[in-house]
Amino acid sequence: MTDQDKKFMQRAIDLAKEGMSINAGGPFGAVVVKDGKIVGEGYNRVTSTNDPTAHAEVTAIRNACTNLGAFQLDDCIIYTSCEPCPMCLGAIYWARPKAVYMGCTRYDAANIGFDDQFIYDELEKEIDDRKIPITRLMRKEALGAFEAWTEKMDRTDY
């Protein structure tokens, strides 16, 4: 780990404290770095925005993508104050950075009341066995959008 890595992780930690201190949400912060410069940052804003998806990593990814004018984080590194939850991990994989550095673990987070184990458990179950009912409806009609996408000549693949 370089001094520069430590600097960016410290910024993520500082953002976690900043967001928490102004009651924006939980104690989580993240930064996105490209070519040695911060291109996006964020802290948890779940409770202040009434948005359950406003986790630090998602907020930082959104900010970086806006600043870069891109929907992927090619050649970027994400520094996050805590191991990403399943939602954030999914967002990170979709954003395609080249690396992620994390501070605390998911077990550290669970120790202060942020336990995502139930989501990990749910992902292992078959759809019909999950706690929130998921019902298939109008598949044939929904496939029409997929067919239109397949035929769309001016689409942007990702």
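General observations
- When we screen TYR107, TYR79 for residues that are open to solvent by less than 10 Å² (accessible area, probe 1.4 Å), closer than 16 Å to PRO27 by Cβ and at pLDDT 95 or above, the only hit is TYR79.
- Selection status of MET87, in contact with a His (Cβ under 8 Å, 6 or more places away or on another chain) and open to solvent by 60 Å² or more (accessible area, probe 1.4 Å): yes
- Under the condition of being open to solvent by less than 100 Å² (accessible area, probe 1.4 Å) and touching a residue at least 60 places away in the same chain (Cβ under 8 Å), the residues counted in segment 110-140 number 1.
- Flag for LEU137 being over 22 Å from ALA60 (Cα atoms) and in a loop (DSSP other than H, G, I, E, B): yes
- Filter result for THR59 (open to solvent by less than 10 Å² (accessible area, probe 1.4 Å) and touching a strand residue (DSSP E or B) at 6+ places or on another chain (Cβ under 9 Å)): no
- Any hit, segment 8-21, residues being under 21 Å from LEU68 (Cα atoms) and charged (D, E, K, R): yes
The values are calculated or read from the model by the stated rules, or taken from the named source; none is laboratory data. Remember, it's a predicted structure, so these values are computed and weren't measured experimentally. As a convention, Cβ positions derive from the backbone with ideal geometry for all residues, glycine included, and neighbour counts pool all protein chains shown. Accessible surface is based on the protein model in full, side chains and every heavy atom, while ligands, DNA and RNA are left aside. Shrake-Rupley method; radii C 1.70, N 1.55, O 1.52, S 1.80 Å.
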